[in-house]
Every structure is written in C-alpha cells, then in structure tokens.
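Please find one structure pasted underneath; my questions will follow.
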Amino acid sequence: MAIVIMKRPLYLLALIPIGLWAAFILPDLMAGEQNGPWFWRRNLILLSGIVALWWMSAGMLLATRAPWLENRFGGLDRLYRLHKNIGIGAGILVFAHWMLEWLPKNLAQAGWIAGPNRPRGPRVAEPWVDLAKDVGEWAGYILLALVVVALIRRIPYRYFRLVHKAFGLIFLAGVFHGLMLLPGAFWQTPLAWLTVAVAAAGVVPALLSLSNRIGRKRQHGATIEAIHQADGQTLEIVCRPDNSWPGHRAGQFLLADFAVAREGAHPFTIASAWDSQDGTLTLDIKALGHLTQQLPALLVTGQRITLEGPYGHFDFSGNPAVDRSNGHQIWVAGGVGITPFLARLQHLASFGARADVDLFYSTTGTGDFPEQLDALCQRTGVRLHRRLSDRDGPFAAADITACQQGGTSVWFCGPRNWGEMLARQFRTVGLPQESFHQEAFEFR
C-alpha cells in the first residue's frame, strides 16, 4: 500500500501538466505550418520546464511537515521519502530541460547538425526576459549540484542541512524564470493559470523554510533529566518536556535539537510510552553519525533542548480492513529499531494488558540493552525471539513468516534492505501488502 501511495503522486505530477498540454497546446502545434525538430525542441523545452516547476513546488510543499500532509501519506517518514523522490525527479527534469536548450544549440554551432531554418530579425532588448533567462540558467546549475550533494551520504548531516536550505532560494528563482518565459499563447489555457497556482503553493513553504519557520508550531522546550550509556553504542536520554508537549503514541518519533552548532534537529524514535503523570520521555540514540557519536561528551543533566513533534503513524493501530481476526501481530526489530516496540511494551504494561505478539529482535551487541525488554515481554505476554546476529547469524525469513496467522499484521523497524526482503517473503505466503508496516526512517 505504501508503494502505491508513493507512486500515485509522482504519476499525477507528471500526467496532469502533460495532459493539459496535450489537450490545449498540442492541437494548435499540430495544426501549425512549422513542424521541424527545432520547432518541437522549443515546445519540449517549455513542457519540461513546466513539469519541473510542478515537481519542485510539490517538493517544497511536502517539506512543510504539515499535519494534514502527514496524515494523508501515512506519517512523516513516508512523506519525506516521497519528498526525496520528488527532489530526484525534479533534478532529472531540470537536467532534461537544460539539455534540450543547450545540446542542440551547441551541436549546431559546431556544425554537427543543421541549425534552425528560420529568418532572424533584429533582437529587441527585453530586460526582464533576459534576467529571467540568466537567473534560470544559474539556478539550474546550482540545483543540479545541490541534488548531487544531497544524495552523497558521506557528506555529514550538518552540511547536508545547510545545502538543503538553499533549495528554497533556488525554487524562487525557478518560479521567476518559468513564469516570465511562458509564451503569451500559454496564458489563454488552463495550464498556465494552474501552473501559477501550483507555483504559488510552493512559494509560501519556500519563504517559511528560508525564515526557519517550518515546524515552529510543533516545537517544545525540554530539560534533560538523566543520561545513561546503555551499552557501548547506545545513549539513553530521559527528557522532561514543557507542559505544551501534547503527548505521543507508542511508536512515534520526534526531531530533537541539542543546540549543537550547525547540526539542527535530528529524528529519533521515542523509546518510552507517554504517562502524563510522570511527564518524561526517553530517547535511545545509537552512535551512527558525527553528532550521535559526540553526544555523550556534549550533553549534561539540566540542559535545555528543543523537541519537535510528535510525528509518525507507526503506532500499531493497523488497518481494520485487513488486520482483523484475533489481532495477532509480528514485530521485527533490528538494533536500535527496538525503540518503538519498547514504547509499545511500556504502554501495554502500564494498563496491565497482554498482547498476542511475536517479537523478533536481532542485534549485534552482547549487552543487555534494553535492560527491561525481557521483563516487559513477560508482563505483556509477548513472545520474544532474540538473536545475536554476530554470533548466531540473522533470522531466517521462514522462521518469521511461520508465525503468521489469519489477520496478522507485521510491524518492522530496522535496516531497509532487510525490511524489503521480509515484505516480499510475507507476500509470497499470502500476507496482504497493507498489513506490512515498515518504518521508513531515512530522511536523506
């Protein structure tokens, strides 16, 4: 189901502008006397630019982290995956737009192909049009460079974040370039005015991004109450949010800003259930990157931090249309991916509830993290299958799928490749695609 949700907006972003172009522009082009390759090149440049503008605007809109968008796409993790795919697609479209403009012209100047066969009159100076061309050309170069930088995972997050911030400015430049260069005939069609509306929908998020206002309404101050090095790789931080914190559901995550220069907020799954009487929440952070490796030396009890959220729909509620019968669930966790399940176990234990769950937990460490896991599973009736992968190897997919019952739902949080492999295995044994829930916890 998630794959369908991801692909449908991409199809619409391409098919709607192309369909309107085919309905309102193409018939006049076909009826005209000019039909040579240079004539079609000029119109394909316009079409590729319009589609690129639609995709860029959609990417800016998704970057707002708006609650209604999160609900529509099933959580911020999936929203950001779609945002990433749209960004890559927009980069490809901008590259195609640039190549349609640059390559034939330069091949003709080099004498490799015949140039356009049309008379050229004296050039009339059009300052705003000339400026739009220059702005669009340089914005295109910078956009392509930013897309490449954003996709190189070796670049630290703090630099990726700064680079990403520049997309808002590039988008504004692209809007100016695209709308200024639309031919007059286009303004007689719905495509032009719909493109203006789509561009306007992206301009507001771009301005919010450039002014650091995205997500501000969901930000809450918090105080660090305790810090514990759970094992050699995992840092446990207990925070007390301010009274404005709305609470969270087990399995949700937040963005935490530890006030480290140039780092900004990072996403972390909340490893504890919410108890309004206690008023604290726990983050279990594995040392996987530059910031997370430095946190033990940077944080102290009593320090103020900023939390944004909560986000995510990985909340074990399932889809009643497919996750029916006795409510049996299979949980699969890899490494620090145990955190949403730990929060769920705490939630069940706080109500004295028991659950029909098989929990498969694979970790490379030999420590006791999380310390309370075995006790929580015993209290809630959850059947724990634990594997030390360095010593015993990974779980066999058949061992996990063998637990499936009628109406089972599967909840996975761990390495992406493992999750995708398991999803395929479950489909082969008849699990509905909508019953496999995977945390898409990759923000770049």
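Exactly one condition in (1) at pLDDT 85 or above; (2) surrounded by 15 or more Cβ atoms within 10 Å (Cβ to Cβ) is not met by A2; state its number.
The one condition A2 does not meet is (1).
Then there's this: Which residue, of R383, R379, is open to solvent by 10 Å² or more (accessible area, probe 1.4 Å), over 26 Å from L235 (Cβ atoms) and more than 29 Å from the chain's Cα centre (by Cα)?
Sole residue among the options that is open to solvent by 10 Å² or more (accessible area, probe 1.4 Å), over 26 Å from L235 (Cβ atoms) and more than 29 Å from the chain's Cα centre (by Cα): R383.
Take Y159 and decide whether it is of a type outside the set (V, I, T), surrounded by fewer than 16 Cβ atoms within 10 Å (Cβ to Cβ) and out of contact with any helix residue (DSSP H, G or I) (no Cβ under 6 Å at 6 or more places or on another chain).
When the stated conditions are applied, Y159 passes them.
If only one of I338, I400 is among the β-branched types (V, I, T) and either at pLDDT below 95 or part of a loop (DSSP other than H, G, I, E, B) (or both), which one is it?
Going through I338, I400 in turn, just one is among the β-branched types (V, I, T) and either at pLDDT below 95 or part of a loop (DSSP other than H, G, I, E, B) (or both): I338.
Which residue pairs have Cβ atoms under 7 Å apart, sit 6 or more places apart or on different chains, and have a first residue in region 187-216 that is at positive phi and a second that is open to solvent by 60 Å² or more (accessible area, probe 1.4 Å)?
none
Could you identify the single residue in A96, A23 that is touching a helix residue (DSSP H, G or I) at 6+ places or on another chain (Cβ under 9 Å) and either touching a residue at least 12 places away in the same chain (Cβ under 8 Å) or closer than 30 Å to R213 by Cα (or both)?
Selected residue: A96, the only one of A96, A23 that is touching a helix residue (DSSP H, G or I) at 6+ places or on another chain (Cβ under 9 Å) and either touching a residue at least 12 places away in the same chain (Cβ under 8 Å) or closer than 30 Å to R213 by Cα (or both).
Considering only helices (runs of 4 or more DSSP H) fully contained in region 25-136, which possess at least 2 residues that are touching a Pro at 6+ places or on another chain (Cβ under 7 Å) and more than 30 Å from G251 (Cβ to Cβ)?
Once the helices (runs of 4 or more DSSP H) in region 25-136 are filtered for at least 2 residues that are touching a Pro at 6+ places or on another chain (Cβ under 7 Å) and more than 30 Å from G251 (Cβ to Cβ), what remains is 37-62.
Would it be correct to say that V238 is within 21 Å of the chain's Cα centre (by Cα) and modelled with pLDDT of 95 or more?
No.
Taking region 386-420 on its own, how many of its residues are of a type in the set (S, T, Y) and within 24 Å of the chain's Cα centre (by Cα)?
Of the residues in region 386-420, 1 are of a type in the set (S, T, Y) and within 24 Å of the chain's Cα centre (by Cα).
Find the strands (runs of 3 or more DSSP E) located wholly in region 183-287 whose residues include 3 or more that are surrounded by 13 or more Cβ atoms within 10 Å (Cβ to Cβ) and touching a Cys at 6+ places or on another chain (Cβ under 9 Å), and list them.
The strands (runs of 3 or more DSSP E) meeting that bar are 219-229, 281-286.
Next question. Out of A397, A402, I need the residue that is surrounded by fewer than 15 Cβ atoms within 10 Å (Cβ to Cβ) and over 30 Å from I152 (Cα atoms). Which one?
On inspection, the qualifying residue turns out to be A402.
Something else now. Give the residue, chosen from S276, S272, S209, that is closer than 30 Å to D134 by Cα and out of contact with any His (no Cβ under 8 Å at 6 or more places or on another chain).
One residue alone meets the criteria, S209.
Just for region 115-139: of the residues that are open to solvent by 50 Å² or more (accessible area, probe 1.4 Å) and at pLDDT 85 or above, which one is farthest from the chain's Cα centre (by Cα)?
In this case the residue turns out to be L131.
What tally of residues in region 421-442 results from selecting those that are within 17 Å of the chain's Cα centre (by Cα), of a type in the set (D, E) and either modelled with pLDDT of 90 or more or open to solvent by 40 Å² or more (accessible area, probe 1.4 Å) (or both)?
Of the residues in that region, 1 qualify.
Please determine, by comparing only the residues of region 408-418 that are open to solvent by less than 50 Å² (accessible area, probe 1.4 Å) and within 20 Å of I270 (Cα to Cα), which one is modelled with the lowest pLDDT.
The qualifying residue modelled with the lowest pLDDT is G414.
Then there is this: Of everything in region 69-93, what is open to solvent by 20 Å² or more (accessible area, probe 1.4 Å) and more than 15 Å from the chain's Cα centre (by Cα)? Give them in sequence order.
I92, L93
Picking from G36, G75, G89, which residue would you name as being of a type in the set (G, A, S) and in contact with an Asp or Glu (Cβ under 9 Å, 6 or more places away or on another chain)?
G75
The values are calculated or read from the model by the stated rules, or taken from the named source; none is laboratory data. Being a predicted model, the structure only gives us computed values, none of them experimental. Here the Cβ is made from the backbone with ideal geometry for all residues, glycine too, and neighbour counts use every protein chain on show. Quick note on the areas: whole protein, heavy atoms, side chains included, nothing else; ligands and nucleic acids left out. Shrake-Rupley method; radii C 1.70, N 1.55, O 1.52, S 1.80 Å.
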